[in-house]
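Structure record follows, encoded as structure tokens.
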Amino acid sequence: MKDIKTFFNKIRNVKVAVYGDYALDAYWILDPQGSEISRETGLQAEAVAKHYYTLGGASNVVSNVVALKPAQVRCVGILGDDVFGRELGRRLNELGVETDGLIVQRENFDTVTFVKRYVNDEEQPRIDFGFNNQRTKETDEKILGQLESCLKECDVLIFNQQVPGSLDSEFFIKGAKALFDKYDEKPVLLDSRHYAHRFNNVFRKTNAVEAAVLNDVDAEPGDVIELTDVRGYGKNLYEKSGRPVFITRGERGLLVFDDDGTHEVPGIQLMCKLDTVGAGDTATSALAAGLAAGASPKSAAEFANFAAAVTVQEMFTTGTASPEEILEIADSPDFIYQPELAEDSRKAAYLNESAIEMCYPGPKLPIGDFKHAVFDNDGTISVLREGWETVMQKMMVKSILGEEYESADEKLYLQVLRRVRDYIEKSTGIQTILQMEHLVDMVSEFGIVSEDEIKTKYEYKDIYNKALLEMVNGRIEGLKNGRFDVTDFVVKGALQFLTKIRDRGLTLYLASGTDREDVVNEGKMLGYADMFDGGIYGAVGDVSEYSKRQVLEDIVQGNNLAGEELLVVGDGPVEMRESRRVGGFALGVASNEIRRYGLNQEKRSRLIKAGAHVIAPDFSWQNKLIDLLFHSS
């Protein structure tokens, strides 16, 4: 999305109205010891140790819109005459929004409230208020009047519905549809869980399962809907209404359908632990604000994608995304490419009669006249450090669990293990010190080790390096005494491939997340250090002085390259993402480091998601690779 700062300036001038099920989220943290035994009933009473309240439903949509800093936000909805309604109204007033459109119905209506009870961090069955409300005709007439006022005076209307039974009034539905037709020049963004089929003349925001149901397909929450099917469902919905359709796909991004066709907005890869609660409200709010500011449907979807990427990183709360946070994400996003292909190897297409997978979805590979090539080291050329993930995994788990490493129950141990594995998989290729920096955060997050006993990232790196070098030094010693041969620690065909690339006149660079001194020494020992006439790069202790991104940007800018003149080869997602960022060609090596040849399916998946154009399991198909890269056939 171009010039996003100007986009925010436009949002400052728009007026947004939000209609929907205004709700309150109540969090009751129960004391596991309970309260007294009731004298009247003889039953054990429960004790609330702590309670707090946040905005939910349409209220959370309002909160998200406010965070984007538009000129005005107007609320339209219904509250009950109860303590929850008064608390909800107070919180909305604190946001500085217009609440004249909130109608209080004093009879047969309770403010929608979701009471979430927790005992020892375990959520108990929820208590819901307001699920049997009966709206009066008088209330509906007042709401319709407020909606018409908003359609006259605001730039966009969000029409949000989440609570079952909240739109059962045929009178109200007919009245709302008539208003949407009367003011059809005004964008109305519909986000409805249960009544989407009743509205047509609207901008539609939905998810893949809901889109299937709207196409008369039997689908349930949690079902996996094939991308080709989603595209068909979205196209049908657009053709029926002639209005843009936005289909959200979780971490896979969004699909947009409008007059210009179908647009795919890829998801964003995030390193930290995620909480998706409220992300849909964020996306709805950002879509509406974008449309009101004059953005195209595609640009509004890109904006919403960035905003949702902010709030999913806010744990245990329905967060909001500020302009500053969105700008930070949008400045350098790590997109998730082709998740369907990555997760299903049956969809793989190969270069004729080879194991080279062609991942690029376009009709023609973006291969240019390569002048420079950057290679990753560990797992791409050398396997001296094969098994580093296992070493780091054990070290991280022990650091997080501390003294409870041996005694932790299986549930906690597996929770920590999954968290560590997920992070290592996503971060493969970045500097070790950055991984240790994240470890500090994870140790603090789990809270098992006291804050005063948490080590620094440098101390954790020393612990990891000692464990890793114990393994590596044993292999190096085997090389020195003749027990091992160089070929035992090099990916099959790698040295020959390097020679052929160099003989083509390319300047070669080696860039690793490992400490530079170790990379140089290992390169000399395995016989390829001298091939890298462009230099050998590695971590130097100060993360501000080295990164793979910096190396690639310096090569492109320092040599005045067009992106397609740069070839990047590696087995980690970091170098694939950075290659795509500068417009280079990304050759992924999904190597099986134990055998030194053959495909590692897990690597294949993460390399495709990181943007690899082509994937090779090793360099045994080097002649076909050379022909492909240099147009030799």
Quick count over the stretch 160-200, residues being in a loop (DSSP other than H, G, I, E, B), of a type outside the set (Asp, Glu) and open to solvent by 40 Å² or more (accessible area, probe 1.4 Å), is 4
Of these, Glu451, Glu477, Glu445, Glu425, which one is outside the structural domain of Glu251 (by the TED database), within 25 Å of Phe335 (Cα to Cα) and open to solvent by 80 Å² or more (accessible area, probe 1.4 Å)?
Glu425
Those residues of the stretch 454-474 that are within 20 Å of Ile433 (Cβ to Cβ), open to solvent by 50 Å² or more (accessible area, probe 1.4 Å) and among the polar types (S, T, N, Q) come to a total of 1
Scanning the stretch 378-403 residue by residue, those of a type in the set (Asp, Glu) and either surrounded by fewer than 15 Cβ atoms within 10 Å (Cβ to Cβ) or modelled with pLDDT of 95 or more (or both) turn out to be Glu403
Restricting attention to the stretch 256-277, does a residue exist that is closer than 30 Å to Val420 by Cβ, surrounded by fewer than 23 Cβ atoms within 10 Å (Cβ to Cβ), in contact with a Pro (Cβ under 6 Å, 6 or more places away or on another chain) and not β-branched (Val, Ile, Thr)?
no
In the stretch 215-257, what count of residues is obtained for those that are among the basic types (Lys, Arg) and not in a loop (DSSP other than H, G, I, E, B)?
4
Qualifying residue in the stretch 478-486 (condition: assigned to a helix (DSSP H, G or I) and aliphatic (A, V, I, L, M)):
yes
What residue, of Ala616, Ala590, Ala612, Ala529, is open to solvent by 10 Å² or more (accessible area, probe 1.4 Å) and aliphatic (A, V, I, L, M)?
Ala529
Hits in the stretch 1-57 (condition: of a type in the set (Phe, Trp, Tyr) and either at pLDDT 95 or above or part of a loop (DSSP other than H, G, I, E, B) (or both)):
Tyr19, Tyr22
Of all residues in the stretch 379-407 being in contact with a Phe, Trp or Tyr (Cβ under 7 Å, 6 or more places away or on another chain) and outside any helix (DSSP H, G or I), which is farthest from Leu495 (Cα to Cα)?
Leu384
Scan the stretch 296-313 and give yes if some residue there is modelled with pLDDT under 90 and open to solvent by 30 Å² or more (accessible area, probe 1.4 Å), otherwise no.
yes
Could you figure out which of (1) open to solvent by less than 20 Å² (accessible area, probe 1.4 Å); (2) in a loop (DSSP other than H, G, I, E, B); (3) not aromatic (Phe, Trp, Tyr) isn't true of Ile501?
(2)
Taking the stretch 132-152 on its own, how many of its residues are loosely packed, with under 12 Cβ neighbours inside 10 Å and not polar (S, T, N, Q)?
3
Counting only residues that are touching a Lys or Arg at 6+ places or on another chain (Cβ under 9 Å) and outside any loop (DSSP other than H, G, I, E, B), which one in the stretch 359-378 is nearest to Thr428 (Cα to Cα)?
Asp378
In this structure, does Phe375 turn out to be surrounded by 15 or more Cβ atoms within 10 Å (Cβ to Cβ), aromatic (Phe, Trp, Tyr), modelled with pLDDT of 90 or more and in contact with a Pro (Cβ under 6 Å, 6 or more places away or on another chain)?
no
Identify the residue in the stretch 105-122 that is touching a Gly at 6+ places or on another chain (Cβ under 7 Å) and not in a loop (DSSP other than H, G, I, E, B) and, among all such residues, is farthest from Lys142 (Cα to Cα).
Phe114
Do any helices (runs of 4 or more DSSP H) entirely within the stretch 264-358 hold 2 or more residues that are within 18 Å of Ile158 (Cβ to Cβ) and assigned by the TED database to the domain that holds Pro244, and if so, which?
279-292, 297-311
Restricting attention to the stretch 559-589, which residues are farther than 22 Å from Thr514 by Cα and assigned to a loop (DSSP other than H, G, I, E, B)?
Asn559, Asn560, Leu561, Ala562, Val582, Gly583, Gly584
Scanning the stretch 123-159 for residues that are in a loop (DSSP other than H, G, I, E, B) and within 34 Å of the chain's Cα centre (by Cα), the one nearest to Phe203 (Cα to Cα) turns out to be Asp155
Among (1) closer than 23 Å to Ala342 by Cβ; (2) open to solvent by 40 Å² or more (accessible area, probe 1.4 Å), which single condition is Lys235 missing?
(1)
Of the residues in the stretch 47-81, those that are among the small types (Gly, Ala, Ser) and surrounded by fewer than 24 Cβ atoms within 10 Å (Cβ to Cβ) number 5
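The values are calculated or read from the model by the stated rules, or taken from the named source; none is laboratory data. Keep in mind the model is a prediction, meaning the values are calculated, not measured. Don't worry about glycine lacking a Cβ; one is built from the backbone with ideal geometry, like all the others, and counts go over all protein chains shown. Note: areas computed on protein heavy atoms with side chains; ligands, DNA, RNA excluded. Shrake-Rupley method; radii C 1.70, N 1.55, O 1.52, S 1.80 Å.
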